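Handing you a structure now.
What follows draws every value from the coordinates through simple rules; no lab data is involved. Since the model is a prediction, treat every value here as computed from it, not as a measurement. Here the Cβ is made from the backbone with ideal geometry for all residues, glycine too, and neighbour counts use every protein chain on show.
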Ligand SMILES: [Zn+2]
């Protein structure tokens, strides 16, 4: 039996254990043998496939593939002189998304939310924890926008940012909407679904892009022009 660790493209589990369950040996080449293998994720039971060309120590690999009693690591089962990269299909591994130009404290919270989010298919009990982490991300972001005036309650802080012109009316409504969605996450155990989490994630990502990423991309002189025009 051959096993190995791999980031699962289906459930998002990092370094999930995989077992090679089936293989086909193609000997129709003069200088190598191509093994087509199918491996199963131990977390979600879904499969990935790959073609592995091998030119030496083929016997070792076949022994590892057919063994029922011993476990071999994939790279150990291959020759040490193995030079090919192994590409598995499908390749659509879930990735965390961190927009540019965020304050470090916001990145810390968002990393937690994203790490939990990409694993929720395998671990549905992460849905609520991930929702709470997006809420904390928003709180942190609003704190940064309010220059760390974190004494006020979140709703009041959002209103105050609107009054002082740091949030447009649209963004204020947006923030209150995220706030409502995420407080459902912290109070309701059964009603917060994966779809709610996906919506909350999109809102949070967009909010961060509007409030931090985009303003940082505007050159300083055009910001001055805007304030001059206001005056
Ligand atoms: Zn998986």
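Could you work out [θ]222 nm for the chain from helices alone, using -39500 (n - 2.57) per DSSP H run of at least four and dividing by all its residues? Round to the nearest 500 deg cm²/dmol.
Mean residue ellipticity, 222 nm, calculated: -14000 deg cm²/dmol.
While we're looking at this one, here's another question. Of all the Cα-Cα pairs you can form in the stretch 1-40, what percent are over 12 Å apart?
64
Which value in Å does the Kirkwood hydrodynamic radius of the stretch 67-106 take, with 1/r averaged over all unlike C-alpha pairs and then inverted?
It is 14.9 Å.
Using only alpha carbon positions, build the gyration tensor of the stretch 29-69, then give the equivalent ellipsoid semi-axes as the square roots of 5 times its eigenvalues, largest first, whole angstrom.
Rounded to whole Å, the semi-axes are 23, 14, 5.
Taking the Cα atoms of the chain, report the difference between the largest and smallest coordinate on each principal axis, in whole Å and largest first.
79, 46, 23
Using only Cα atoms, find the angle between the long axis of helix 220-230 and the longest principal axis of the chain, and express it within 0 to 90 degrees, rounded to the nearest 10.
30
In nm, what is the difference between 0.36 nm times the number of residues separating residue 30 and residue 84 and their Cα-Cα distance?
Computed gain between residue 30 and residue 84 is 17.7 nm.
Can you tell me the length gained on complete extension of the stretch residue 49 to residue 75, counting 0.36 nm per residue apart and subtracting the Cα distance?
Stretched out fully, the residue 49 to residue 75 stretch lengthens by 7.8 nm.
For labels at residue 40 and residue 180 in the simple 7 Å Cα→Cβ model, what's the distance in nm?
According to this spin-label approximation, the distance is 4.6 nm.
Another question, then. Given the convex hull over the Cα atoms of the stretch 68-166, what projected area results after averaging over all orientations, in nm²?
For the stretch 68-166, averaging the hull's shadow over all directions gives 11.3 nm².
Once the Cα gyration tensor of the stretch 1-87 is diagonalised, what are the square roots of 5 times its eigenvalues, in whole Å and ordered largest first, as equivalent ellipsoid semi-axes?
Those come to 22, 14, 12 Å.
Something else now. Taking every DSSP beta bridge with both residues inside the chain, roughly what % is antiparallel (nearest 5)? All intermediate terms of the calculation are to be shown ahead of the outcome.
Values: 21 of 23 bridges.
Roughly 90 percent of the DSSP beta bridges within the chain come out antiparallel.
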